[in-house]
Amino acid sequence: MSYSTGDSFRTVTLDDVRGARKMLSGVARVTAMETSRHLSRTVGSPVHLKCENLQRTGSFKLRGAYVRIAGLLPEERAAGVVAASAGNHAQGVALASSLLGVRSTVFMPKGAPLPKVSATREYGAEVRLHGQVVDETLAAAQEYAAGTGAVFIHPFDHPDIIAGQGTVGLEILEQCPEARTIVVGIGGGGLAAGIAVAVKALRPDVRIVGVQAAGAAAYPPSLAAGRPVTVDNPATMADGIKVGRPGDVPFDIIGELVDEVRTVSEDELSAALLLCLERAKLVVEPAGASPVAALLSEPGAFEGPVVAVLSGGNVDPVLMERVLRHGMAAQGRYLAVRLRLTDRPGALATLLGVLSVVDANVLDVSHVRTDPRLGLTEAEVELHLETKGPAHCAELGQALREAGYTVID
């Protein structure tokens, strides 16, 4: 595995990761390792959560960004740095640059969540909103770098970035020396590659499992082809691992050192995020919850003790609400029902009485009385309900039908 920097070739080694750790002393936190009793029961062996969602800026990205920028020559620092990101990398570059006294410009998509845009500015970067998708934003950042001489800080495709992220692996081995399996989300691959370099050099017996969202899984076809290939139009709620093509540097490392790459569905991501919030009391973004999703999807496939890396916790509150409802629906704990009833006084109260008998918690009611689709004496009601699981949903539907209601959807 080698990487061309334009004037040299170098590999990422354990010494690089150890050097990065010294550089990050006093900058990046040694994040907590929490045991999950619920996941341990599910998997059948101890499961520990490496909480990079509690890192400064809310993700592991500060580690690699700081190491990369700290390694610049004086004349490169004077020219400033530029990055493109929808969130976590943007904040990591912004804070690292401020700590090192380097001017930073960060390009973000126009649709980037406002909390992430605000946080990036507060960390000291000049934010420029450009493009609707990350590819357009990336092109704008590279054009800016070419025109100004600013150094482009890639989110994952550079040895210094990988070495910085690899410090997570060193911490895991110190905090959980008995670990047998490490599960980590993969987007471009910087975090998984860094962890693999550190862990395999010290504990080659530890199994490393990468996880991708099924709708943005570029690594399985790339590994099959033996080279990075592009997945067109990647689609997933997990924007932190929504990358259409593996990085050249991490791809070589992952192909050599990572034992397996799995994929998870959107339903599994939602359920994992909900579990982290309810059972572990941790706010985790969908990308950060991907290792937990893999554990839930096939619990018996992982030899314990298992360490699941929660890579980030920067989730937009609006997305959080949607994902939580999606996760509850996937578990049969949230149900939307649309039905028709006779439009007469007390009809809605009677309907709610039926729901009360089966102990359904009504979250929201939409009552439509005038619509071309409805008959003169009809009304349509849409209900959002909190339920207790699939069996309760079936009981609720049966009660409505027995009461004479026409359930449309």
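The values are calculated or read from the model by the stated rules, or taken from the named source; none is laboratory data. What you are looking at is a predicted structure, and each value in this text was computed from that prediction instead of being measured. When we count neighbours, we look across all protein chains shown, and the Cβ atoms used for this are built from the backbone with ideal geometry, even at glycine. The protein model used for the area step is the full one, side chains on, heavy atoms only, and it has no ligands, DNA or RNA in it. Shrake-Rupley method; radii C 1.70, N 1.55, O 1.52, S 1.80 Å.
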Problem set entry | Entirely in the range 116-214, the strands (runs of 3 or more DSSP E) that have 3 or more residues that are open to solvent by less than 10 Å² (accessible area, probe 1.4 Å) and touching a residue at least 24 places away in the same chain (Cβ under 8 Å) | 181-185, 207-213
For this session: Restricting attention to the range 96-115, report how many residues are closer than 21 Å to S311 by Cα and surrounded by fewer than 24 Cβ atoms within 10 Å (Cβ to Cβ).
Result: 4
For this session: List the helices (runs of 4 or more DSSP H) that sit entirely inside the range 261-334 and contain at least 2 residues that are over 30 Å from V117 (Cβ atoms) and open to solvent by less than 40 Å² (accessible area, probe 1.4 Å).
Result: 290-297
For this session: Consider T236 carefully, then state whether it is open to solvent by 10 Å² or more (accessible area, probe 1.4 Å), part of a strand (DSSP E or B) and closer than 19 Å to V309 by Cβ.
Result: no
Exercise. If you scan the range 50-69, which residues turn out to be part of a strand (DSSP E or B) and surrounded by fewer than 24 Cβ atoms within 10 Å (Cβ to Cβ)?
Worked result: C51
For this session: Scan the range 255-272 and report the pairs whose first residue is among the basic types (K, R) and whose second residue is surrounded by 15 or more Cβ atoms within 10 Å (Cβ to Cβ), with Cβ atoms within less than 6 Å and a gap of 6+ or a chain change.
Result: R262/V211; R262/A294
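Among the residues of the range 70-94, what is the count of those that are open to solvent by 20 Å² or more (accessible area, probe 1.4 Å), modelled with pLDDT of 95 or more and not small (G, A, S)? I'd like the intermediate steps shown before the answer.
Residues of the range 70-94 that are open to solvent by 20 Å² or more (accessible area, probe 1.4 Å), as a first pass: 70-71, 73-79, 86, 88.
Subsequent filtering for residues that are modelled with pLDDT of 95 or more retains 70-71, 73-79.
Now drop any that are not not small (G, A, S), which leaves 73-77.
Count: 5.
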For this session: Report whether or not L355 is hydrophobic (A, V, I, L, M, F, W, C), at pLDDT below 95 and either open to solvent by 30 Å² or more (accessible area, probe 1.4 Å) or within 17 Å of the chain's Cα centre (by Cα) (or both).
Result: no
Exercise. If you check V407 against the conditions, is it over 30 Å from E268 (Cα atoms), open to solvent by 30 Å² or more (accessible area, probe 1.4 Å) and touching a residue at least 40 places away in the same chain (Cβ under 8 Å)?
Worked result: no
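The rows are residues; the columns are (1) free of Cβ contacts under 8 Å to residues at least 60 places away in the same chain; (2) farther than 14 Å from I153 by Cα; (3) among the hydroxyl-bearing types (S, T, Y).
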| site | (1), (2), (3) |
| --- | --- |
| V47 | no, yes, no |
| L54 | no, yes, no |
| Y66 | no, no, yes |
| E76 | no, no, no |
| P109 | yes, yes, no |
